[in-house]
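Structure record follows, encoded as structure tokens.
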Amino acid sequence: MIRRLACVLLAAASMVITLPAQAPALDAGIETLTATPLSTWQTNGTVWAIQVVGNVAYVGGSFTAVRPPGAAPGTQEVARRFVAAFDARTGDLLPWNPIVSGTVSTSTDANCPKVTSTTRECGTVWDMDVTPDGKTLYLGGDFTKVNGQWRLGLAAFDTATGNLAGGYKVGMYGRVMSVTASDSTVYVGGSFTKLSDSTVRTRLAAFNRTTGDTLPFAPAADSTVRKMKLTPDGSKLVVGGNFNTINGTGPRRLAAVDPVTGVRVSFNDTNNFNSAAWVEDIEVFNGLIYVAGEASGSINEGVDVYDPATGLRKNFDNCLGASHSIAVLRGVVYAGSHSHNCGQMVDGFPEQYQSTDPETSRRYKLRAEVPTSNGNFQLLNWTPQTDDGNGPREMATVGNDILWVGGEFTLVNDNQRQQGLTRFAYKDAGGVQQAPQRPGAPIVSSSTPGRATVNWSTSEDRDSRMVTYQVIRDGNTAAPVYSVTTETKPWFPGWMSFTDTAVLAGSTHTYTVRGVDPDGNVGLQSAASTVTVASAVPAPADVQRLDAARLFYPLDETSGSTVRDVVTGRTMTVGSGVTLNRPGVPNLGQAVTLSGASGGAIVDQTNEWAKKQASVELWFKTTTTSGGRLAGFGNSKTTTGTSSSTDRAVYMTNDGKVVFGSGEPRRYLSSAAGLNNGQWHHVVATIDSLAGTKLYVDGSQVAADPTNNAIVRWNGYWRIGGDNLSGWASRPASDWFSGTIDQFALYTYPMPAAQVARHATLADAPVVDSQAPSVPAGLTTSVSGQDVSLTWQASTDNDAVAEYRVYKGTSADFTADAASLLTRTTALSAADPNQATGTYYYRVAAVDPTGNVSAASDAVAATIAPPPPPPPTTSNLVPTEDTWVNAASPTATAGNSWVMRSKGGTSPQTSYLKFRVPAVPAGTSLQTATLTLSTTANSWASSVDPQQLMLVTDSSWSEATMTYDTAPAVSATVLGSFTGIGVDGSTTVTLDAGALAAYAGQDVTIAIVGGGNDNAEFDTSEAPSGQPVLSVLIG
């Protein structure tokens, strides 16, 4: 049967939580349900209850109609009043259709469906349960009648027939929110305070299952009872809701009573629930009690698991964001909620990671987790999404492989229309894995000739923890240029980086990224980003811009009240304690000097989301012993005041250490002391959800914290210079930095170590690289047909080899220059296809990123031999036209007759045959030719006279119009001859191949000329058999 579970989750204010000491990480490969919804019918209102009996899923709620999967609201609706039944494994609607009705009034309760614009009907079914023998289904709710019979908040159905069972003698005056049944007793809980016969029952009551009699069981709860479940041994009835006491004593919100006497018994005696919390659901799975709930205020909340025997809590996930429903499948706990801070769980997420999109808050409506041995939980990667504000209200399981989910949602996942109900399954039960979501467009840059760097953020995969990301260049999806597999979580979208060295200086390329899950499901490609590869080493002052800094302030203004970002044109306000036009980092222009007092700051005036920047870069020079803040993020935009909230501060201590602090509670990275030595120093601080924080000084990583991946989620302003350092570690004597700062840059992505190291060299005197690569060795050529292939060995260089240039000539001493350049490549091979017969010479040179070209290699020859002649081929040709003319009827046409005749004498008859001679390829000839003729079966077809096969030079005739008078003249050239042929006979005559060769690729006409008065009659090409055939051998 399907069971329902819930977790206690109490709403909390926004905050960043440091992960506590955790149990050893569990297997990352734990299987979850797939995230693709199964086809399921929908409801037109909220689903509050689901109960499965066998293969039937009974559903209750505040709906009045159902409709097929995907159908739009108000279309294809089938009436179902507050309850419906579906096939549990297919999701299809079943015929069961009891008529549940409630009181119609002017109630404003949104859980009561509207009848008119001013009235509502309160017939909602809030809960369902089935007896242990599976024979009786109970409904609890607001309804008053079922099938026209009075049923005040409690009704029973025979599961075998679907019929309404006998009524109870009394009902409840007030809402029934929970119903649970044993073999002998039905328990109800809710907000009622008396029964319909005026018997006092304060929010809890029990009835005899067989007779319907009210039982003496009468514990009193001082506020609403929302859920109840019997412990597996039936010794306790666990009760949850909004109450503070039962029978006048605690514990609040969750307690247990004796199922016969109603006396409170030991359970949750440590009182785990805050006064602002309440229980939403209680379920039993695998002999344990699972509890879920809601709260108002910043309190601890989450999934609770209790030992039913001791009443003690075994596990607690402390996940913030009210939860309403829970189920357990294959050892995995599934929760319906609006989680927004699960930072206390193993692999959980702190408050500021609400979204894969830094600009959009997100609450996780569905999640999966497993208990750990130390009483905690580990969060798994299963994140289907619904559009309701609170999260799904109900869950239920079919067997051990399908999860039903109900609630007030109208959409699932990517705006898939699905209201009220949905289902998910494991792969072996027909579930379909979702492909990874589409990544954002990569950030592509090039500041080094022959290299393009691709940075991208990981994307969400709703049901796979590991994703392989493929980098695709120029749309070639068949051959990605790079693949990397990484753990990905929607709440920790991290950054990946790849440098493509197989691109030519000055070339332009587009890059996209896509994800592939372990099952091979391929996600959509990202939008494309285009880059032109640097063709020469850029000026030092251009490097940050070319490396795709989001904001870059060179700080080289000579005057004014603002400094300008050269990427977007944005400005920062300069304080009164800032001096412009000071000597800057060598090779990088001017800088600013800060006074070390109020006003000694440069402040951005654009309020923005903190998570947009993953790297902070700057240069500084100072001799101060009072420390101070170099740069950071704060909520003040004045140059004289300081921020009350700050994060990602890069500051100096009194002894000259550089510290990078971030997060709440703050974590710190620190360099060695002594950087206040009056020399220029380069500093980069990065933060990434996957890699944590890193601090670089002068091009080298000096500290890292791979677990510090929490960025504050509030908006603020970037500041250069002074800001509040109160409470920060090793707080210096001054919040205001005294010294010089240059080249302030912010990056959306965490700068890779190689990029940081390269930027740190920008202050060095320019090194002119005049050393060319070594000459490529081992050049070899190979020939296949008309194609030449070349290979060579890699050259070496003091920097790198950016490309190879291949040259081609027709003599061994040809010059390797622009005129003879064949191709440029980053590979160690090249091809020169489709070459004509002859000998060619090739040379190869290597080029470094600076443009230094090596000497060309010695020339190596490749000879293309003439192609061998094709093998001899025989073509058997039938006439394209054939006919005959008769001197006795000089204007008559034989047309497409089946016969043609030849005869000499005074009334000659001549046959004409036209053939299309095949073209003769170069190097071949028409070697032989024969003509096969057949006579008809007519008695006059034979002839004893000689027959000559004569060449006709004019083939412009047509059998449809040719007559004796218009027939072309027969030449004197004899192609062949034969004498005598019988009736229905056949002969093959050898022809003059040389004479026919002149007509290769053209039409040729052969005339049959008789030598006497005995005519011969031959079959034509139109005859059903015996057609003439001209056979030519070409080779």
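Please state which one of L580, L594 is over 20 Å from V659 (Cα atoms), part of a strand (DSSP E or B) and aliphatic (A, V, I, L, M).
Among L580, L594, only L580 is over 20 Å from V659 (Cα atoms), part of a strand (DSSP E or B) and aliphatic (A, V, I, L, M).
From the list T486, T508, exactly one residue is surrounded by fewer than 15 Cβ atoms within 10 Å (Cβ to Cβ) and under 16 Å from the mean Cα position of the chain (by Cα). Which is it?
T486
For T568, are the conditions met, namely being closer than 17 Å to D723 by Cβ, not basic (K, R) and not in a helix (DSSP H, G or I)?
When the stated conditions are applied, T568 does not pass them.
Only one residue in S178, S182, S198 is surrounded by fewer than 24 Cβ atoms within 10 Å (Cβ to Cβ) and within 50 Å of the chain's Cα centre (by Cα), so which one is that?
Going through S178, S182, S198 in turn, just one is surrounded by fewer than 24 Cβ atoms within 10 Å (Cβ to Cβ) and within 50 Å of the chain's Cα centre (by Cα): S182.
Which of the residues that make up region 167-188 are part of a strand (DSSP E or B) and either modelled with pLDDT under 95 or within 12 Å of F207 (Cα to Cα) (or both)?
Of everything in region 167-188, those that are part of a strand (DSSP E or B) and either modelled with pLDDT under 95 or within 12 Å of F207 (Cα to Cα) (or both) turn out to be M172, Y173, V179, T180, A181, T185, V186, Y187, V188.
Which of the residues belonging to region 998-1024 are buried (at least 17 other Cβ atoms within 10 Å of the Cβ) and hydrophobic (A, V, I, L, M, F, W, C)?
Hits for region 998-1024 are A1000, V1004, I1006, A1007, I1008, V1009, A1016, F1018, A1023.
Do you know which residues across region 512-530 are farther than 11 Å from Y469 by Cβ, in a strand (DSSP E or B) and among the aliphatic types (A, V, I, L, M)?
Answer for region 512-530, where residues must be farther than 11 Å from Y469 by Cβ, in a strand (DSSP E or B) and among the aliphatic types (A, V, I, L, M): just V522.
Just to be sure before I move on: is T448 more than 14 Å from the chain's Cα centre (by Cα), surrounded by 19 or more Cβ atoms within 10 Å (Cβ to Cβ) and on the phi < 0 side of the Ramachandran plot in the structure I sent?
Considered against the rule, which asks whether it is more than 14 Å from the chain's Cα centre (by Cα), surrounded by 19 or more Cβ atoms within 10 Å (Cβ to Cβ) and on the phi < 0 side of the Ramachandran plot, T448 comes out as yes.
Residues of region 412-434 being closer than 30 Å to W495 by Cβ and at pLDDT 95 or above, which ones?
V412
Name every residue in region 329-352 that is crowded, with 24+ Cβ neighbours inside 10 Å, touching a His at 6+ places or on another chain (Cβ under 9 Å) and modelled with pLDDT under 85, in order of residue number.
F349
Taking region 419-445 as the search range and keeping residues that are of a type in the set (G, A, S) and more than 30 Å from G506 (Cα to Cα), which one is surrounded by the most Cβ atoms within 10 Å (Cβ to Cβ)?
Result: G420.
G250 versus (1) surrounded by fewer than 16 Cβ atoms within 10 Å (Cβ to Cβ); (2) over 44 Å from the mean Cα position of the chain (by Cα); (3) not charged (D, E, K, R): which is the lone unmet condition?
The number of the failed condition is (1).
Has region 275-292 got at least one residue that is in contact (Cβ under 8 Å) with a residue 60 or more places away in the chain and not in a strand (DSSP E or B)?
Checking region 275-292: at least one residue is in contact (Cβ under 8 Å) with a residue 60 or more places away in the chain and not in a strand (DSSP E or B).
Would you mind finding the one in V574, V531, V563 that is surrounded by 21 or more Cβ atoms within 10 Å (Cβ to Cβ), β-branched (V, I, T), in the same structural domain as A631 (by TED's automatic domain parsing) and touching a residue at least 40 places away in the same chain (Cβ under 8 Å)?
Being surrounded by 21 or more Cβ atoms within 10 Å (Cβ to Cβ), β-branched (V, I, T), in the same structural domain as A631 (by TED's automatic domain parsing) and touching a residue at least 40 places away in the same chain (Cβ under 8 Å) holds for just one of V574, V531, V563, which is V574.
Tell me, which strands (runs of 3 or more DSSP E) wholly within region 418-490 include 1 or more residues that are in contact with a strand residue (DSSP E or B) (Cβ under 9 Å, 6 or more places away or on another chain) and among the aromatic types (F, W, Y)?
421-425, 451-457, 466-473, 482-487
Give region 948-995 a look and list any residue that's assigned to a loop (DSSP other than H, G, I, E, B) and touching a helix residue (DSSP H, G or I) at 6+ places or on another chain (Cβ under 7 Å), or say none.
T973 - this is the single residue of region 948-995 that is assigned to a loop (DSSP other than H, G, I, E, B) and touching a helix residue (DSSP H, G or I) at 6+ places or on another chain (Cβ under 7 Å).
For region 770-791, name all the residues that are of a type outside the set (S, T, N, Q) and assigned to a loop (DSSP other than H, G, I, E, B).
Answer for region 770-791, where residues must be of a type outside the set (S, T, N, Q) and assigned to a loop (DSSP other than H, G, I, E, B): A772, P773, V775, P776, A777, G778, L779, G785.
Can you tell me how many residues within region 689-729 are outside any strand (DSSP E or B), within 13 Å of A649 (Cα to Cα) and not acidic (D, E)?
Residues in region 689-729 being outside any strand (DSSP E or B), within 13 Å of A649 (Cα to Cα) and not acidic (D, E): 9 in total.
Identify the residue in region 767-807 that is farther than 28 Å from A865 by Cβ and polar (S, T, N, Q) and, among all such residues, is surrounded by the most Cβ atoms within 10 Å (Cβ to Cβ).
Top of the filtered list is S795.
Restricting to region 317-328, give me the number of residues that are more than 8 Å from E301 (Cα to Cα) and surrounded by fewer than 24 Cβ atoms within 10 Å (Cβ to Cβ).
So the answer is 1.
Mind telling me which of the residues T118, T108 ends up being surrounded by fewer than 19 Cβ atoms within 10 Å (Cβ to Cβ), part of a loop (DSSP other than H, G, I, E, B) and more than 45 Å from the chain's Cα centre (by Cα)?
T118
Which of the residues belonging to region 730-769 are more than 28 Å from T571 (Cβ to Cβ), modelled with pLDDT under 95, small (G, A, S) and part of a loop (DSSP other than H, G, I, E, B)?
Matches in region 730-769: A765 only.
Out of all the residues in region 96-107, which are of a type outside the set (V, I, T) and touching a residue at least 40 places away in the same chain (Cβ under 8 Å)?
W96, P98, S101, G102
In region 809-837, what residues are among the hydrophobic types (A, V, I, L, M, F, W, C), under 48 Å from the mean Cα position of the chain (by Cα) and farther than 22 Å from S795 by Cα?
Matches in region 809-837: A819 only.
Within region 774-808, which residues are within 40 Å of the chain's Cα centre (by Cα) and of a type in the set (K, R)?
Matches in region 774-808: R805 only.
Looking at (1) in the same structural domain as S507 (by TED's automatic domain parsing); (2) buried (at least 21 other Cβ atoms within 10 Å of the Cβ); (3) among the aliphatic types (A, V, I, L, M); (4) touching a residue at least 60 places away in the same chain (Cβ under 8 Å), can you tell me which one M466 breaks?
(2)
Name every residue in region 673-710 that is under 21 Å from F552 (Cβ atoms) and either in contact with a Leu (Cβ under 7 Å, 6 or more places away or on another chain) or of a type in the set (A, V, I, L, M) (or both), in order of residue number.
H681, V683, V684, A685, I687, L695, V697
Give A733, A710 a once-over and let me know the one that is surrounded by fewer than 19 Cβ atoms within 10 Å (Cβ to Cβ), touching a residue at least 60 places away in the same chain (Cβ under 8 Å) and assigned by TED's automatic domain parsing to the domain that holds R545.
Unique residue meeting the criteria: A733.
The values are calculated or read from the model by the stated rules, or taken from the named source; none is laboratory data. Computed from a prediction, not measured in an experiment: that's the story for all the values here. Because the Cβ atoms are built from the backbone with ideal geometry, glycine has one as well, and the counts that use them run over all protein chains shown.
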